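J.: Before anything else, here's the structure in question.
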Amino acid sequence: MNATKRLDLIPPYLFAELERKIAEKRAEGVDVISLGIGDPDMPTFPAVVAAGQAALADPSTHQYPSNRGRPEFRNALSAFYKRRFGVDIDPETEVIPAIGAKECIFNLSLAFLDPSDVALASDPGYPVYTAGPVLAGAEAWKMPLVPSRGFTPDLAAIPGEILERAKLMFINYPNNPTGAIVPDGFFAEVVEFAKNNQILVVHDNAYSETTYDGYVAPSFLATPGAKEVGVEVFSLSKGYNMTGWRCAAILGNADAIASYWKLKSNIDSCLLLEAQIKYRQRSI
Ligand SMILES: *Cc1c(COP(=O)(O)O)cnc(C)c1O
């Protein structure tokens with residue numbers, strides 16, 4: 001049985017490969033400290049678990065959920081963005097649920113990249129920034145995160161030939177794996193750059209609620225003009241100890257979200273309703 005050539009183009013999923021290597025070493029008796037996939041090692045907050053249990057027992061959650069998300073979910077995300085980040089989000093057009101940041105980032109590549117298009121991917125970065133574009137039949141161009149620039153890419157160093165074909169850009173702050181926080185002015189530079197080059201910015205916000213020493217992370221969408229050029233993927237996985245629940249959302253540019261929704265509604269049937277319902281009972 002032959003799988004597609006498309007699958008030959010991507011390396012084995014990095015974390016799967018790491019898990020294999022770790023198992024191999026452990027079998028040899030080596031005490032391995034894994035710096036591979038990150039997963040909160042604490043349980044989900046009890047109030048969320050209780051709301052989930054109650055929702056699972058409610059028969060109204062036992063049917064297909066709306067792919068666009070329940071109004072309660074969209075309203076709660078909109079209120080959270082206002083309260084937490086000072087960002088106005090129209091619950092009708094500027095937010096819908098995603099199964100996780102992972103699915104969302106992948107599907108954005110399918111929605112926005114044609115063959116010969118390029119996605120600009122932070123490097124080092126979350127593997128889907130490069131595997132998504134390749135599986136979509138396009139290309140990923142790695143933007144090195146430069147230590148002397150606070151682990152931001154040097155946008156001026158991107159070759160003109162790449163820029164002409166670039167349609168998407170993946171950035172992520174607080175950053176995985178460097179731990180860097182966004183330097184002052186960088187998001188504004190990205191907005192300007194995206195406007196000039198007609199690129200859709202995808203800010204992967206997996207870590208805004210996982211910060212230390214009193215630092216409060218901003219949303220990319222709080223940058224003036226950001227909603228004109230970008231979307232933000234917000235995930236509950238890390239900040240709320242909910243990696244196993246699968247619960248995220250995409251917020252920002254309404255046209256981009258409409259395209260993502262069009263694609264997504266042909267691929268999956270949305271979040272487990274119970275995870276969405278939790279928002280009714282305990283707002284984030
Ligand atoms: C963990 C992680 C994700 C995946 O989040 P899910 O919502 O669980 O899919 C995405 N991006 C980065 C940078 C991550 O570390």
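Quick note: the coordinates plus some simple rules give every number you see, no bench work behind them. On a predicted model such as this, the values are computed, not experimentally measured, just so you know. Note that each Cβ is placed from the backbone with ideal geometry, even for glycine, and that neighbours are counted across all protein chains shown.
J.: Checking a compactness column here: for region 1-44, what do you get for Rg(Cα) / (2.2 N^0.38 Å), N being the number of residues?
T.: Compared with the compact-globule rule of thumb, region 1-44 sits at 1.60.
J.: Hey, another quick one. Name the long-range amide H neighbours of L120: under 5 Å, sequence gap of 5 or more, or other chain; modelled H, no Pro or chain starts.
T.: Result for L120 returns W141, K167, L168, M169, F170.
J.: Determine ³J(HN,Hα), in whole Hz, for all residues of region 20-32 in sequence, where each value follows from phi through the Karplus function 6.51 cos²θ - 1.76 cosθ + 1.60 and θ = phi - 60°; x replaces Gly and Pro.
T.: Going residue by residue, I get 4, 5, 4, 4, 4, 5, 5, 4, 7, x, 7, 7, 8 Hz, with x marking Gly and Pro.
J.: Please list, in order along region 66-73, the HN-Hα scalar couplings obtained from phi with the Karplus expression 6.51 cos²θ - 1.76 cosθ + 1.60 (θ = phi - 60°), rounded to whole Hz, x for Gly and Pro.
T.: Taking θ as phi minus 60°, the curve returns 6, 5, 7, x, 5, x, 4, 5 Hz for region 66-73.
J.: Continuing with the same structure: Just to be sure I understand: of the beta bridges DSSP finds with both ends in the chain, what percent are antiparallel, rounded to 5?
T.: 35
J.: For the chain, place one equal point scatterer on every Cα, skip the solvent, and apply the Debye formula. What is log10 of I(q)/I(0) at q = 0.08, 0.09, 0.15 Å⁻¹?
T.: One equal scatterer on each Cα of the chain leads to -0.35, -0.44, -1.23.
J.: With equal scatterers on the alpha carbons only and no solvent term, can you work out the Debye log10 of I(q)/I(0) for region 188-235 at 0.22, 0.31 1/Å?
T.: Those come out to -0.75, -1.12, one per q.
J.: Counting other Cβ atoms within 10 Å, which chymotrypsin sites (Phe, Trp or Tyr not before Pro) in region 188-219 have at most 12 and lie in a DSSP loop?
T.: Sparse-neighbourhood loop chymotrypsin sites (Phe, Trp or Tyr not before Pro): Y212, Y215.
J.: Considering only DSSP beta bridges with both partners in region 134-258, what is the antiparallel share in %, to the nearest 5?
T.: Counting DSSP beta bridges with both partners in region 134-258, the antiparallel share is about 45 percent.
J.: Continuing with this model, one more query. Show the residues, 5+ positions off or on another chain, whose built amide H is closer than 5 Å to the amide H of T152.
T.: Under 5 Å from the amide H of T152 lie the amide H atoms of V146, each far enough along the sequence or on another chain.
J.: For the pairs K142/K167; K102/K264; K167/K195; K167/K238; K195/K227, note any where the Cα-Cα span goes beyond 19 Å.
T.: From K142/K167; K102/K264; K167/K195; K167/K238; K195/K227, over 19 Å: K167/K238.
J.: I need the phi-derived Karplus couplings for region 238-246: 6.51 cos²θ - 1.76 cosθ + 1.60, θ = phi - 60°, integer Hz, Gly and Pro marked x.
T.: Karplus values, whole Hz, x for Gly and Pro: 7, x, 10, 6, 10, 4, x, 7, 6.
J.: Right, next: For region 186-237 and region 78-115, write down the distance between their C-alpha centroids in whole Å.
T.: 11
J.: To continue, here is another question. For a test of the definition: using alpha carbon positions, the gyration tensor, and the 1.5 limit on a/c, classify region 111-162 as rounded, prolate or oblate. Don't skip to the end; give the middle numbers.
T.: On the way: a/c = 3.49, a/b = 1.62, b/c = 2.16.
The shape class here is oblate.
J.: Report, please, the projected area of region 61-119 averaged over directions, based on the convex hull of its C-alpha atoms, in nm².
T.: Reported value for the Cα convex hull: 5.6 nm².
J.: Taking 1 over the mean of 1/r across every pair of different Cα atoms in region 39-151, what Kirkwood radius in Å do you get?
T.: Details: mean 1/r = 0.0576 Å⁻¹.
Evaluated on region 39-151, it is 17.4 Å.
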